[in-house]
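The values are calculated or read from the model by the stated rules, or taken from the named source; none is laboratory data. None of these values were measured; they are calculated from a predicted model. Note: ideal-geometry Cβ built from the backbone for every residue, glycine included; neighbour counts use all protein chains shown.
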Ligand code: FAD
């Protein structure tokens, strides 16, 4: 069978890759080991959070599926950091695991250009060094000029529990992908090992919930998707408890039985998702650690024990659980475990996420050394768009660092590489105020529109929303408010009163005053979402202007492209380290070259001079 794009893997990267390749016009095959696990959350059933929530909205703005699936499956929703500045506020949703899976599958099946097929890919088929298709373990062949590999933690995956239990697996219950890992070696792609872990799950019927701190979600309406308004399921609370001295004592007593500390695992794990063993060893004076009990879904009493990731033997995990307040008689339904797997250092990829070695091969998700559903989905979206671009002979798409958090993520991966599983934070971006969740549509709709990714209805919805935002902004700029109308609002907000009429925009710049309240005082009922955007634009106008001007400078550097054939080893004016790093990464622009660790400003100066000299030389030789 012949397609334009073949996507291997039906996880978070694979689902987005298939959806967006299809939206770009490619006939797409999603080939995955098990169709029942399309959209499976391997770990915590939660989407969003700091920076990640913004990424979900960016994927949605491009027409992706993660936001829509989350809206349909969420059973608790919160805006994190609500009391802090807009740069660090982020939406997060706890999801029903099976509803989420069903939503992803349904959204993929709604794409007329996507075919789903169950099979394990064993190797890539090549023609003249370029992708020509794939072959499955049972010998079936599928042809396409572009493929996206999104195999997650499956490449030579090994599960560890304690010192003695080692199970070859992609995750609990799934076989590892070994043949394809071998094939990647044969194709000359370099791989290394990382590890990650997951906590035990427990039966909620055996938890003394009344002893724990109950946490309900936010009641305010919120949808991750800009285009659709799914009906949310019933909302559920989470519960908070803490580990105490008993857990510390148990972990210390059994530390050498843990796969991580007993020597069974040597590869690196995510520093920001530490196991309970790590927390006890690294913070021995901490009296307690938070443990959140989160519902796994509406159709089950099982709960996820967030904060207790571990690779201790199962009987020790149970002992540890039962020493925590509220869990004294708990029944464990699944033991936690650690998993080691291959990833491919992402400096082997172009900013379009295409392999520099094999043309037409795109890589996305955990295979590139990241961790997290949103990070995987973001890469899937870009890889899917570009695989379609390669197959349909269209432009390659890469998002810049000031356009999207997705751009920050991919630029970090392909330029700097990873030395531990990479996770997004707001601090990874130098444009934190520009890259907000509320303005993701404004930032990315023009690209989605240009690439033809949206339906007529979606385009109309987007245009209406952006126009409503502009209208609110315009009203505030052009409408004056009298002291009689403004002072009650200012008084309530603890702000200085006014004696003369002023423009609403002027008062909206005060941090303590809400734009929505001012508009209401003059009789303008503006939609909350439009107010949110306009209010931030007024309050942070100075900072935003600064970020915009830095972004413009960066854009100029990114537009200064480096010829692909440049031979760095010949450039004596560069330092030895710069020559090595530049040869390894092969940056596409001066902007990217500047961000490579080890490349100094004087190297950049020499590089620019060399490029200009080469180009002049080429012009002269063309003229003579
Ligand atoms: P996956 O979701 O793993 O999907 C891979 C897909 O590829 C699967 O559908 C699989 O069947 C398919 N596949 C693999 N090989 C083949 C093949 N040869 N042919 C066909 N199909 C194939 N993230 C966090 O943010 N925090 C955590 O604490 C955390 N803990 C984790 C703990 C565990 C035990 C695991 C397994 C993952 C954890 N993650 C965590 C990571 C999170 O699950 C991943 O980041 C995310 O699922 C990656 O998405 P992906 O699409 O890259 O891969």
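Data overview
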read-out	value
Residue 454 at pLDDT 95 or above, in contact with a helix residue (DSSP H, G or I) (Cβ under 7 Å, 6 or more places away or on another chain) and under 30 Å from residue 347 (Cβ atoms)	no
First in the stretch 180-204 and touching a residue at least 60 places away in the same chain (Cβ under 8 Å), second anywhere and part of a helix (DSSP H, G or I) and surrounded by 21 or more Cβ atoms within 10 Å (Cβ to Cβ), Cβ under 6 Å, 6 or more apart	200/317
Selection count where residues are within 10 Å of the ligand (Cβ to nearest atom), surrounded by 22 or more Cβ atoms within 10 Å (Cβ to Cβ) and under 16 Å from residue 111 (Cβ atoms), scope the stretch 34-59	2
Residue in the stretch 237-249 that is in a loop (DSSP other than H, G, I, E, B) and either under 19 Å from residue 198 (Cβ atoms) or more than 16 Å from the ligand (Cβ to nearest atom) (or both) present	yes
Yes/no for residue 512 being in a helix (DSSP H, G or I) and farther than 18 Å from residue 54 by Cα	no
Number of the exception - residue 560 against (1) at pLDDT below 90; (2) closer than 30 Å to residue 441 by Cα	(1)
Any hit, the stretch 287-305, residues being under 30 Å from residue 344 (Cβ atoms) and touching a strand residue (DSSP E or B) at 6+ places or on another chain (Cβ under 7 Å)	yes
Close pairs from the stretch 338-365: first more than 18 Å from residue 585 (Cβ to Cβ), partner in a loop (DSSP other than H, G, I, E, B) and more than 16 Å from the ligand (Cβ to nearest atom), Cβ under 6 Å, at least 6 apart	360/145
Single residue of the stretch 5-33 satisfying the filter (out of contact with any strand residue (DSSP E or B) (no Cβ under 6 Å at 6 or more places or on another chain) and farther than 21 Å from residue 393 by Cα) that is surrounded by the most Cβ atoms within 10 Å (Cβ to Cβ)	13
Which listed residue is farther than 30 Å from residue 263 by Cα, touching a strand residue (DSSP E or B) at 6+ places or on another chain (Cβ under 8 Å) and surrounded by 24 or more Cβ atoms within 10 Å (Cβ to Cβ), from 95, 130	95
Residue in the stretch 347-354 that is within 16 Å of the ligand (Cβ to nearest atom) and in contact with a helix residue (DSSP H, G or I) (Cβ under 7 Å, 6 or more places away or on another chain) present	yes
Of all residues making up the stretch 333-346, the number that are surrounded by 20 or more Cβ atoms within 10 Å (Cβ to Cβ) and either more than 16 Å from the ligand (Cβ to nearest atom) or over 21 Å from residue 177 (Cβ atoms) (or both)	2
Strands (runs of 3 or more DSSP E) fully within the stretch 10-90 counting 3 or more residues that are touching a helix residue (DSSP H, G or I) at 6+ places or on another chain (Cβ under 7 Å)	28-32
Candidates 122, 147 - the one that is part of a strand (DSSP E or B), in contact with a helix residue (DSSP H, G or I) (Cβ under 8 Å, 6 or more places away or on another chain) and either modelled with pLDDT under 95 or near the ligand (Cβ under 9 Å from one of its atoms) (or both)	122
Single condition residue 315 does not satisfy, out of (1) away from the ligand (no atom under 12 Å from the Cβ); (2) over 22 Å from residue 411 (Cβ atoms); (3) out of contact with any strand residue (DSSP E or B) (no Cβ under 6 Å at 6 or more places or on another chain); (4) assigned to a loop (DSSP other than H, G, I, E, B)	(4)
Tally, over the stretch 369-383, of residues that are more than 6 Å from the ligand (Cβ to nearest atom) and under 8 Å from the mean Cα position of the chain (by Cα)	5
Residue in the stretch 273-282 that is within 16 Å of the ligand (Cβ to nearest atom), under 29 Å from residue 191 (Cβ atoms), out of contact with any helix residue (DSSP H, G or I) (no Cβ under 9 Å at 6 or more places or on another chain) and not in a loop (DSSP other than H, G, I, E, B) present	yes
Top-ranked residue of the stretch 558-583 - restricted to ones that are touching a residue at least 40 places away in the same chain (Cβ under 8 Å) and in contact with a helix residue (DSSP H, G or I) (Cβ under 6 Å, 6 or more places away or on another chain), ranked as nearest to residue 413 (Cα to Cα)	558
Top-ranked residue of the stretch 404-458 - restricted to ones that are buried (at least 16 other Cβ atoms within 10 Å of the Cβ) and free of Cβ contacts under 8 Å to residues at least 60 places away in the same chain, ranked as farthest from residue 587 (Cα to Cα)	422
